[in-house]
Amino acid sequence: MASIVEPEAAATHDHHGDHPEFLAHHFETPQQQYDTGKLGMWLFLIQEILFFSGLFVAYAVYRANHPEIFVYAHQFLDKSLGAFNTVVLLLSSLTMAWAVRDSQLVNNRGLIRNLAITIACAFLFLGVKAVEYSHKWDIGLYWASKFAPTAEHHGGSMILFWLCLPFILISVALIAATVVSKQKNYEQGYRFYGILALASVAFFVGVGCGFVVPAVAGSDSHGPAHVEEHAGESDHHVVATHADPAHALADDVESPRNAGIFFSIYYVMTGLHAVHIIGGVIALAWLLWRALKRQFQAEYFGPVDSVGLYWHLVDLVWIYLFPLLYLIH
Amino acid sequence: MFSNWASSMLFAQSEGGSLFLSPPSSTVAPMVDSLFSLIFWISAFFFALIVGLMVLFVVKYRRRNGVEAQKTAHHNLLLEAAWSIIPIILVVVIFVEGVLGYLDLRNPPDDAYEIRVTGRKWNWAFQYPNGHVENNLHVPMGVPVRLVMTSEDVIHSLYIPAFRVKMDLVPERYTKAWFEATRPGTYRLYCAEYCGTEHSNMTANVVVHEPGEFEAWLEDASNFLDKMPPAEAGKLLYERRGCIQCHTIDGTSKTGPSFRGIFGTQQPLADGSTVTVDENYIRESILEPLTKVRAGYRPVMPTYRGQLKDAEISAIIEFIKSLK
Amino acid sequence: MSATVATQSAPHPQADAPTNYLTVTRGWRSWAFTLDHKRIGVMYLVAVLSAFLLGGIMALILRMELVTPTRLFLSEDLYNHMFTLHGAVMTFLFIIPSIPAALGNFLLPIMLGAKDLAFPRLNLASFYLWVAGAIFFLLAIVLGGLDTGWTFYTPYSTTTNTSVVTATIGAFVLGFSSIFTGLNFIATINTMRPPGMTWFRMPLFLWALYATSIIQVLATPVLGITLVLLAAERVLGIGVFDPKLGGDPVLFQHFFWFYSHPAVYIMILPAMGVISEVVSVFSRKHIFGYRFIAYSSIAIALLGFLVWGHHMFTSGQSQRAAIIFSGLTFSVSIPSAIKVFNWLTTMYKGSIWLATPMCYALAFIFLFGIGGLTGLFLGALATDVHLHDTYFVVAHFHYVMMGGTLIAFLAGLHYWWPKMFGRMYHEGWAQLACFIVFVGLNLTFFPQFIMGSRGMPRRYARYDAEFQPFHVMSTTGALLLGVGLVICALVLWQSLRRGRKAPANPWGGATLEWHCASPPPLENFAVAPTVGDPYDFDGLVYKGEEEGYVFEPKKQPAKREAEPEPATV
């Protein structure tokens, strides 16, 4: 981020009224446009960090005042799924960085491939998250005012279905758009919708992973593997011999007062993070569209760079959320 | 109105108040007032300096034909340092004075007389150590009084201007305030934190009793149920315990329905059914106010469960019966 | 950029070819979809003035009700709705965007010597976010009103049955409008300065906008998340601020003031920037202590983040916290004081022209003086406990917001009006309006100091009879203020219809906006301007036939200074 236009840069990129198509009228050089866009993006990211910081402060305040709630409540979060999602997002960050590199080298095929993988990772992440949410709501682990943990199940599969429904609709719509584009010989649309449709299917892979991963990690599909580790460590009757948290609740009727606050914070933090993921998917789809049109070139890759920065930030937030919410001792 | 006000101002002057401040009536008040005066005179001096210079320059250097602006230095480190450092010194003095006063305001002596305060929409309840509850605050003169306060619904703030005391009441926690009254008399007490419809009517009086008279008053006040006919005791409760904030006895509606002439009548409820206003309905409305809300009124009344004794509820019922 | 040749005869060719930004295209689409920062600035101006009208009418209704201690014509509920909306509309819709979004948008690129803001589309989006936020506020009025006070304190705001969520969405959207404006300004100033425009050649108004933008980008998102939590609290009951569910209502106050105190500086810093420009130009004197003023803007912006707790001295926060916040609060007072002294010294030995903008600037120094000094009473702990939430506070912030920001906004509006619309207004009437506004402001708000320190709490629909004389005075003042503002509006409106054509430089300003025609052409400068000292008035000569000032380089022929010198010391 050069704070002023460097004379060198100005000289090398001087077009003297010969404005390339991608250069907005009020900029002098591509370099200036790039620097400006990048600075703008950094400022936006700073804003994002402060936006999340409010939540982190709320988290810190409640954790400091009510540590017992956090120790009690985190056992209902599945570490293995959290870790799996962390890996998914790290992978997506790698492909995003790769995409930026591809755009700089004008490797359009690579750019499209890496954008597609990044989008798929985002859908995968959301699929796993949907399974996690449905498991909690299944046993009444809602936010504070609705918080009513019970040993009975409330139809987790129905809850999961409702969470999946928007994504089912999206996938169907994308597949339909692909087919229509193909029939009308609309090449750009066919490729764009086709890639997105493939990527959106990753959501359902994520849902599958939500069931498979905990099983592989050594617990049954409903529950945290680590509940047993906690037996005896905690002062709060967390003596659960069953892996299913619903059973844990049955054995351990007494939860600390206001335990719902933890879940409020959990849902707000992860929910807003998911909103940012969805926003990122939209931005990535926009990049994909432009990449398919071959709009990025050696002097113009700013948008890929900026969305990349945003995507890394969203990952970074998760890197903080994971230990703060899942790994509490 | 104006003459009334002017005479009260003169009265205030004679007791140590000023245009800006009512007469100080607690031990901390004179200290707050002296800080106020200090800041006032510092401010007045700087304000006069700034405006004086401004007017002087405007008059002296106003634009005239043929007279050019003179060149002066664009900055002057000494001057700028001076007008940075002098204000710094002054604000440090103000800051320290403010802190010292604040520590006095916040930390009561150990032997203070304790009164429990509950704020709710939209009245005050002051509970004395013997359990007696009043909606006005009675205190002895010359004795430090500590208020232990909480709120039942939203945030309120207890404010007694004459004592220069203010403290918020926060639900689910206790806050404390204290003062020692120095002059007998009646003072105003306000809710200073906005709390809804009747916020501006959530006021009370502070009655400062002469030394030795407070105990007698408390003794007398605590026994009113035994000494009065129930309807009269009910009227007292109606006035003291906050009913009066929302319910009139002249037939006009406020936040709640009027008590006049309702006993024994049929009244429509918000859910469409009707109810007969009898002893049971009144009792239920006091203890579970939101179960049967009269049509046309908002469900805002707080419960009085645990705050009114059975004898007191009976007295209120007798009082409502008496309002034909 | 090719080397600039200083041919400062820009006004002449434009005078014959009147294609300026107002006339270059026609039709409502050319405005609604414009990316030109000047048109967006004008749209903002119309928008914030409408909001001001709405908020002002509400203020007058409130003041009328307060003529008597008992009910005159407003029920308690209606009064509470009215003061809430007055506060919310004035803060979020008027004062925060007034100078930065309306005047700043129009002037920042021109004063910088750029063609537009860095992100023109984002700029238009900011404007429409403002519109969307305003619509949500209006919706909130229709859908049950709002009676929480503009501060939305919990748990009242989570329990009242008015449309808090709608208003919250409105404030959230307005927050992003403000963030994007700030982001745009920072990016523009950092990367789009033409050669020769170094940091210390920027006009102080731009420094003020830069400092403001920093606050907008850093503080507003915290308001955003606070409002998200508040809405979630109301809709879902997440309990974070609800004491019944184990939450902490005072945490909301911390969050809210972490934004809303810096927001006070979003409101006042641009005002100070305007005054720095006006005082210098109308005294024909180089601004005194340029760097001190520039740095003090940044200092105020940064220190402003550390003082939010002074709104909560009676909330039950720990005594240690209260003492720290009080100390930090005083630290902010120093940079503000420095600016006032700098303006006075700038006037010293100048050639002071009492045109309307200067009249407003002098009124600003007077009124901001009172507003600032009464802040000392509220920063000191012992006195604040007594004065908190009384009319003393109301008077204090109205002196700063109205006496400061509004008056500076009017100063700026009258100063740049000829540039924006190419017309001169009637001096005499404009000065009369300024005088009436000044008297009205003092009459409205000074009595409020007295009744406040005598114990009159704020947000009271009914009050004790002893305060009535002060309320009557205050209401009289408010009516007078209203009359003054109406005259001011009529004068400006009349100038659009009948005013004589404005010259390029009617006041003799040396900043770059006076180098381009009035009104400016689409891309601001026909010829790239020479960047010099923004407060050097030497080359400016009054020309009778132009009815304005013309730049006549007499000392040195046109040359581009390679190495800028900030000030001739």
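The values are calculated or read from the model by the stated rules, or taken from the named source; none is laboratory data. Computed from a prediction, not measured in an experiment: that's the story for all the values here. Heads up, the Cβs are rebuilt from the backbone with ideal geometry, glycines too, and the neighbour counts pull from every protein chain shown.
Any residue at all in region A:67-74 that's under 22 Å from the mean Cα position of the chain (by Cα) and either surrounded by fewer than 20 Cβ atoms within 10 Å (Cβ to Cβ) or at pLDDT below 95 (or both)?
First pass over region A:67-74, keeping only residues under 22 Å from the mean Cα position of the chain (by Cα): A:74.
Remaining after also requiring either surrounded by fewer than 20 Cβ atoms within 10 Å (Cβ to Cβ) or at pLDDT below 95 (or both): A:74.
Among the residues of region A:67-74, at least one is under 22 Å from the mean Cα position of the chain (by Cα) and either surrounded by fewer than 20 Cβ atoms within 10 Å (Cβ to Cβ) or at pLDDT below 95 (or both), which makes the answer yes.
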I'd like to verify a number: residues in region A:138-180 that are surrounded by 20 or more Cβ atoms within 10 Å (Cβ to Cβ) and free of Cβ contacts under 8 Å to residues at least 24 places away in the same chain, how many? 1
Before we move on, is residue B:226 within 14 Å of chain C (Cβ to nearest Cβ) and at pLDDT below 95? no
Across region A:281-323, the tally of residues that are aliphatic (A, V, I, L, M), closer than 19 Å to residue A:117 by Cα and in contact with a His (Cβ under 8 Å, 6 or more places away or on another chain) stands at 1
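Could you identify the single residue in C:300, C:287 that is assigned to a loop (DSSP other than H, G, I, E, B) and of a type outside the set (S, T, N, Q)? Working first, answer last.
Details: C:300 fails: assigned to a loop (DSSP other than H, G, I, E, B).
Being assigned to a loop (DSSP other than H, G, I, E, B) and of a type outside the set (S, T, N, Q) holds for just one of C:300, C:287, which is C:287.
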Pairs where the first residue, in region B:41-67, is closer than 14 Å to residue C:283 by Cβ and the second is polar (S, T, N, Q), C-beta under 7 Å, 6+ apart: B:61/C:351; B:63/C:351; B:67/C:351
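Of the residues B:90, B:137, only one is touching a strand residue (DSSP E or B) at 6+ places or on another chain (Cβ under 9 Å) and crowded, with 19+ Cβ neighbours inside 10 Å; which? Please lay out each step first, then the result.
Numbers: B:90 fails: touching a strand residue (DSSP E or B) at 6+ places or on another chain (Cβ under 9 Å).
Of the residues listed, the single one that is touching a strand residue (DSSP E or B) at 6+ places or on another chain (Cβ under 9 Å) and crowded, with 19+ Cβ neighbours inside 10 Å is B:137.
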Filter region C:285-340 down to the residues that are in contact (Cβ under 8 Å) with a residue 40 or more places away in the chain, facing chain B (nearest Cβ under 7 Å), closer than 19 Å to residue B:87 by Cβ and touching a Gly at 6+ places or on another chain (Cβ under 8 Å) and list them by number. C:326, C:330, C:333, C:338
Across region B:309-324, what is the total count of residues that are out of contact with any Lys or Arg (no Cβ under 7 Å at 6 or more places or on another chain) and more than 19 Å from residue B:265 (Cβ to Cβ)? 6
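Kindly establish whether residue B:242 is in contact with a helix residue (DSSP H, G or I) (Cβ under 9 Å, 6 or more places away or on another chain) and at positive phi. Give the steps one after another, and end with the answer.
Working: in contact with a helix residue (DSSP H, G or I) (Cβ under 9 Å, 6 or more places away or on another chain): no; at positive phi: yes.
No; evaluated as a whole, the condition is false for this residue.
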In region A:79-92, is there at least one residue being free of Cβ contacts under 8 Å to residues at least 60 places away in the same chain and over 23 Å from residue A:210 (Cα atoms)? no
Can you tell me which condition residue C:199 does not meet? The list is (1) at pLDDT below 95; (2) on the phi < 0 side of the Ramachandran plot; (3) within 7 Å of chain A (Cβ to nearest Cβ), and all the others hold. (3)
I'm trying to understand the selection: among the residues of region C:281-298, which are under 12 Å from residue B:69 (Cβ atoms) and β-branched (Val, Ile, Thr)? C:281
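When you go through A:329, A:222, A:276, A:226 one by one, which is the residue that is modelled with pLDDT of 95 or more, within 26 Å of the chain's Cα centre (by Cα) and not hydrophobic (A, V, I, L, M, F, W, C)?
Working: A:329 fails: modelled with pLDDT of 95 or more; A:222 fails: modelled with pLDDT of 95 or more; A:226 fails: modelled with pLDDT of 95 or more.
Criteria check complete, one pass: A:276.
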Quick check on my filter: what residues within region B:295-316 are more than 17 Å from residue B:135 (Cβ to Cβ) and of a type in the set (A, V, I, L, M)? B:295, B:300, B:311
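Restricting attention to region B:33-71, report how many residues are of a type in the set (S, T, N, Q), at the interface with chain C (Cβ under 9 Å from one of its Cβ atoms) and over 19 Å from residue C:383 (Cα atoms).
Filtering region B:33-71 down to residues of a type in the set (S, T, N, Q) leaves B:34, B:37, B:43, B:65, B:70.
Those still in the list that are at the interface with chain C (Cβ under 9 Å from one of its Cβ atoms) too: B:43, B:70.
From what's left, over 19 Å from residue C:383 (Cα atoms): B:70.
Here the count works out to 1.
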So residue B:246 clears everything in (1) modelled with pLDDT under 90; (2) away from chain C (no Cβ under 14 Å) except one condition, right? Which one? (2)
Go over the candidates C:210, C:156 one by one and state the one that is surrounded by 24 or more Cβ atoms within 10 Å (Cβ to Cβ) and closer than 23 Å to residue C:405 by Cα. C:210
Are any of the residues in region B:270-286 assigned to a helix (DSSP H, G or I), acidic (Asp, Glu) and in contact (Cβ under 8 Å) with a residue 60 or more places away in the chain? no
Residue C:537 is checked against (1) under 25 Å from the mean Cα position of the chain (by Cα); (2) of a type in the set (A, V, I, L, M, F, W, C); (3) at pLDDT below 90 and fails just one. What number does that condition carry? (1)
Which numbered condition in (1) at the interface with another protein chain (Cβ under 9 Å from one of its Cβ atoms); (2) within 26 Å of residue C:40 (Cβ to Cβ); (3) at pLDDT below 95 is the only one that residue C:186 fails? (3)
What number of residues within region B:270-319 satisfy the criterion of being surrounded by fewer than 16 Cβ atoms within 10 Å (Cβ to Cβ), under 29 Å from residue B:223 (Cα atoms) and small (Gly, Ala, Ser)? 2
What's the number of the only condition in (1) surrounded by 21 or more Cβ atoms within 10 Å (Cβ to Cβ); (2) within 30 Å of residue B:160 (Cα to Cα) that residue C:317 fails to meet? (1)
For residue B:95, are the conditions met, namely being farther than 30 Å from residue C:325 by Cα and assigned by TED's automatic domain parsing to the domain that holds residue B:45? no
